[in-house]
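To keep things clear, I will list the structure first and then write my remarks on it.
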């Protein structure tokens, strides 16, 4: 079967072009320029790369970008004070605290401190509750990016059997809820799932976010399935995902590459959330 690449990079560029026009309209009609603040604690190299990519994307789109770099030994109270300041900053529409945080800081407390109307990461308990209830609100960027990529690639979701591998709060659970909201029949699998391959073989749409290198092989995938690989691992041969790409693509009707699949969509959807927050501010919501 001829494989179809789900082009996250190209799709993300299209979304960013739309957002750029939306930002111009917002500025002209309401005098509102979207603003995103990113808070980074410590010097984790991967986190620094992500933060720099976000900053670069903001600049390209015309979003005001503020970066707060805090030392790894910063106290929890000092970090909460930074969040409080951003909550009350009228020019900031979105607040993103880069995870993971150092062990001495309570991640839950920090995420809950962010004003839910500025929670462009979609991690606040109220945002997650709105997602679970199918109410409007910010969706976590990676799961939202997956759904957007499927829709823009003309993958039909309603009525399909979707299997999610992984149950993290950041990807697995929210993407399962989003698929459910799109009327898929959803199964979540995890490290305790028995006969994982038998479950994944049922999937019309298979989303893999388990954090294990190339764990999904061809025999675990149904002929003609749509496969979304959220994993990313550095190897001597380059970046690979949670899916054994070269063998699985022979069976899949559509598949995301690593890199160039889900990753670019995550940043595009973060920007989309920030623009939505600015739209809410312009409307006085």
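FYI, it's all coordinate maths here, none of it is from the lab. Nothing here was measured: the structure is a model prediction, and the numbers come from that model. Every residue, glycine as well, gets a Cβ built from its backbone with ideal geometry; the counts of neighbours run over all protein chains shown.
Descriptive notes on the structure:
- Proportion of all alpha-carbon pairs of the range 236-285 beyond 13 Å (%): 68
- Across 254, 30, 12, mean-square fluctuation computed from a Gaussian network of the chain (C-alpha pairs under 10 Å connected) peaks at 30.
- Translational D in µm²/s for the range 70-123 (Stokes-Einstein at 4 °C, 1.567 mPa s, Kirkwood Rh from C-alpha pairs): 113
- Two-site label geometry, residue 106 and residue 154: point separation in nm, points 7 Å out along Cα→Cβ: 5.2
- Separation of the range 56-101 and the range 123-146, taken as the distance between their Cα centroids, equals 20 angstrom.
- Order of 216, 126, 188 under a 10 Å beta carbon neighbour criterion, fewest first: 126, 188, 216
- GNM flexibility winner over the chain from 227, 38, 82 (Cα, springs under 10 Å): 82
- Estimated distance in nm for a label pair at residue 126 and residue 77, the labels positioned 7 Å out from Cα along Cα-to-Cβ: 2.6
- Pairwise FRET efficiency - residue 5 versus residue 53, Cβ, R0 = 22 Å, nearest 0.05: 0.50
- Degrees, to the nearest 10: 76-87 long Cα axis against longest axis of the chain: 80
- Cβ crowding within 10 Å, taken as a proxy for footprinting-reagent exposure, orders 212, 194, 152 from fewest neighbours to most as 194, 212, 152.
- Principal axis dimensions, the chain - Cα atoms, whole angstrom, descending: 52, 44, 38
- The chain: calculated mean residue ellipticity at 222 nm from DSSP helix runs of at least 4, using -39500 (n - 2.57): -13000 deg cm²/dmol
- Point-to-point label distance, residue 27-residue 213, nm (Cα→Cβ direction, 7 Å offset): 4.5
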